[in-house]
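Structure record follows, encoded as structure tokens.
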Amino acid sequence: MKLSTFLTCLFVLSVAFSGVLCAQKKAPPVFETRHKNVYAEALGSSLLLGAHFDMRLKKGQMDGPGLRAGIGGASFRGKTDSLRFTIGTVVFPLEFNYLVGKRRSSFLAGVGLLPLYATLGASGTVNGESGVLIKDGFTLAGGFVNMGYRFQPLRNGLMLQFTLTPVILRGAGLIPLNFGLGLGFGFK
């Protein structure tokens, strides 16, 4: 898929979602706290699995600007004829996002950073020498963009989110078709 086709599809989807969301007629609920969501995410900016906290910045609103922070990760094991290795990664997604929609259904758009902590452990024989290698470190792995749909409760209850999350990783480049699914609890 060409980048121009991909961007055109995203633009058409965002216009369609904003039209549907703006057509909602009922008034949003009234409350005096910040709307918050705690949820688990599969894939997306979490790599494999993660937990996140999302909060609107303005009191009394379910839409508008917000912040998200989370933790996620993945672990991989493998072996060759002479080497066994384990790679463990933990990411800490940090995101500024914006919700468009006054009630339960919202269009989500956001940008974020992916700080990452990784550990590599390897043991075996390389060039006739046996040994164990352990390396670890903390780095900024890249960034991401989030676009998608969020269903959240008017008061307290079930929250569901589906996102397209293109990721830009240092050394790996753009991963355009990365999807995330979040399920959790929304509260005032």
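The values are calculated or read from the model by the stated rules, or taken from the named source; none is laboratory data. Everything numeric in this text was worked out from a predicted model, so none of it was measured. Positions of Cβ are backbone-derived with ideal geometry, glycine not excepted, and every protein chain shown enters the neighbour counts.
Some observations on this one:
- Filter result (without any contact (Cβ under 8 Å) to a residue 60 or more places away in the chain, in contact with a strand residue (DSSP E or B) (Cβ under 8 Å, 6 or more places away or on another chain) and part of a loop (DSSP other than H, G, I, E, B)) within region 157-171: P166, R170
- The set of residues from region 41-66 being assigned to a strand (DSSP E or B) and modelled with pLDDT under 90 comprises just one member, L47.
- Search result, residues across region 80-103 that are touching a strand residue (DSSP E or B) at 6+ places or on another chain (Cβ under 6 Å), hydroxyl-bearing (S, T, Y) and either over 30 Å from G60 (Cβ atoms) or surrounded by fewer than 15 Cβ atoms within 10 Å (Cβ to Cβ) (or both): S82, T86, T89
- Boolean, V126 is β-branched (V, I, T) and either at pLDDT 90 or above or under 19 Å from G70 (Cα atoms) (or both): no
- The set of residues in region 67-88 that are part of a strand (DSSP E or B) and more than 15 Å from L113 (Cα to Cα) comprises A74, S75, F76, R77, G78, K79, L83, R84, F85, T86, I87, G88.
- Tally of residues being under 17 Å from S106 (Cβ atoms) and surrounded by 23 or more Cβ atoms within 10 Å (Cβ to Cβ) across region 38-49: 3
- Unmet criterion (only one of (1) modelled with pLDDT under 90; (2) more than 11 Å from the chain's Cα centre (by Cα)) for T89: (1)
- For region 124-150, the set of residues classified as surrounded by 16 or more Cβ atoms within 10 Å (Cβ to Cβ) and either aliphatic (A, V, I, L, M) or touching a residue at least 40 places away in the same chain (Cβ under 8 Å) (or both) consists of G124, A141, F144, V145, N146, M147, G148, Y149, R150, listed by residue number.
- Hits in region 69-79 - residues which are farther than 16 Å from L43 by Cα and in contact with a strand residue (DSSP E or B) (Cβ under 6 Å, 6 or more places away or on another chain): R77, G78
- Selection count where residues are part of a strand (DSSP E or B) and more than 20 Å from Y117 (Cα to Cα), scope region 175-188: 9
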